[in-house]
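Structure first, commentary second.
The values are calculated or read from the model by the stated rules, or taken from the named source; none is laboratory data. These numbers come from a predicted model, not from an experiment. Heads up, the Cβs are rebuilt from the backbone with ideal geometry, glycines too, and the neighbour counts pull from every protein chain shown.
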Ligand code: DGY
């Protein structure tokens, strides 16, 4: 009987994915809550002569990792973002890389909205107020925040997730601006069909005109610290900034300065630099009045995580069978 291919999975993903893999492969799973070190990934891939690697966004995957097992045929990440994988190294080795686009767009957009509503209407502060025993009476000016309806939403990056965020703005009768490397006519027309008129503007105009700014760009050299001091200074004092993309899209020192000096009103983050954000990091002193932070959970609905697990397993299987990946991250 032929031996089954061996695969390494760097964390216990939902059973929907693991079960699929276990039917056909010899599956080794890293069972800890925190990620294996890069050295450990290298050692494990070498020890088990892995043919497949299923990784997470918290694993650094570069040429050294790719060369650890002589049999490695495919890498599949349990994420849509693949900034943790050196794509040039993968291309040099002609190694297929799979990711999970599409299935998490709506879930992530829902969460961007939840951060937007939370930061605008100060729900975290409200809960702390109750728990701190400060709630003595109804207050005419207690924890007031800006209206969301009829405000202007600026979406930076009108890809799959940005489009879903813009779509949801229709329910709040918002004006929607977006900036991107180029106009996205397909998304504009999809949004127009549901009554959302998304206007393409340059980033400077978006920063100056928006009441709420939501970031939806991938992390690339061109988007690293896309939002720095000068961008914060272009925003309205009332502006609220939401980031569910990648932490390093915002320069954390510039954010600290902007909040310290009230250049903008509030920030809602699901992603941070560094990530995880230590509880004693300088930025946390702005919590909760000016900053709300959640631990990178925007795609964490039960249904979506199951879909991501199945998709990541299917990408891995296709690579092991020598077939084209259903969702390849390689653009070359
Ligand atoms: C991704 O998939 O890249 C998200 O950041 C986590 O779901």
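Just the residues that are out of contact with any strand residue (DSSP E or B) (no Cβ under 8 Å at 6 or more places or on another chain) and either buried (at least 22 other Cβ atoms within 10 Å of the Cβ) or not in a helix (DSSP H, G or I) (or both), please, taken from the stretch 242-251. Steps first, please.
Here is the first cut: in the stretch 242-251, the ones out of contact with any strand residue (DSSP E or B) (no Cβ under 8 Å at 6 or more places or on another chain) are 246, 248.
Correct list: 246 only.
Would you mind listing the helices (runs of 4 or more DSSP H) fully within the stretch 126-241 where at least 2 residues are touching a helix residue (DSSP H, G or I) at 6+ places or on another chain (Cβ under 6 Å), modelled with pLDDT of 95 or more and farther than 18 Å from residue 254 by Cβ? Give the derivation first.
Numbers: elements: 160-169, 185-193, 203-209, 229-234.
So the answer is 160-169, 185-193.
Among residues belonging to the stretch 104-115 that are in contact (Cβ under 8 Å) with a residue 12 or more places away in the chain and more than 9 Å from the ligand (Cβ to nearest atom), point out the one that is surrounded by the most Cβ atoms within 10 Å (Cβ to Cβ).
From the stretch 104-115, those in contact (Cβ under 8 Å) with a residue 12 or more places away in the chain are 104-113, 115; that's our starting set.
Still in the list and also more than 9 Å from the ligand (Cβ to nearest atom): 105-106, 109-113, 115.
Details: 105: 20, 106: 19, 109: 23, 110: 16, 111: 23, 112: 27, 113: 22, 115: 22.
The selected residue is 112.
Quick one: how many residues across the stretch 278-306 are in a loop (DSSP other than H, G, I, E, B) and in contact with a strand residue (DSSP E or B) (Cβ under 6 Å, 6 or more places away or on another chain)? Steps first, please.
Quick first cut of the stretch 278-306, residues in a loop (DSSP other than H, G, I, E, B) only: 278-281, 287-290, 294-301.
Add one more test, that the residue is in contact with a strand residue (DSSP E or B) (Cβ under 6 Å, 6 or more places away or on another chain), and what stays is 290.
Residues that pass the stated criteria total 1.
Considering only the stretch 291-313, I want to know if a residue exists there that is more than 16 Å from the ligand (Cβ to nearest atom) and within 24 Å of residue 128 (Cβ to Cβ). Quick ask: steps written out before the conclusion?
We begin by selecting, within the stretch 291-313, every residue more than 16 Å from the ligand (Cβ to nearest atom); these are 291-292.
Then keep just the ones that are within 24 Å of residue 128 (Cβ to Cβ); that gives 291-292.
Yes, some residue in the stretch 291-313 is more than 16 Å from the ligand (Cβ to nearest atom) and within 24 Å of residue 128 (Cβ to Cβ).
Among (1) in contact (Cβ under 8 Å) with a residue 12 or more places away in the chain; (2) within 16 Å of the ligand (Cβ to nearest atom), which single condition is residue 125 missing?
The number of the failed condition is (2).
What do you reckon, is residue 94 at pLDDT 95 or above, more than 28 Å from residue 297 (Cβ to Cβ), out of contact with any helix residue (DSSP H, G or I) (no Cβ under 9 Å at 6 or more places or on another chain) and more than 11 Å from the ligand (Cβ to nearest atom)?
yes
Filter the strands (runs of 3 or more DSSP E) completely within the stretch 1-101 down to those with at least 1 residues that are touching a residue at least 24 places away in the same chain (Cβ under 8 Å). Working first, answer last.
On the way: elements: 6-9, 26-29, 52-55, 74-77.
Answer list for the stretch 1-101: 6-9, 52-55, 74-77.
Out of the stretch 150-167, which residues are over 14 Å from residue 206 (Cβ atoms) and buried (at least 20 other Cβ atoms within 10 Å of the Cβ)?
Filtering the stretch 150-167 down to residues over 14 Å from residue 206 (Cβ atoms) leaves 150, 159-161, 163-164, 167.
Within the stretch 150-167, 161, 163, 164, 167 qualify.
Of the conditions (1) away from the ligand (no atom under 16 Å from the Cβ); (2) assigned to a loop (DSSP other than H, G, I, E, B); (3) in contact with a strand residue (DSSP E or B) (Cβ under 7 Å, 6 or more places away or on another chain), residue 120 satisfies every one except a single condition; which number is it?
Answer for residue 120: the failing condition is (2).
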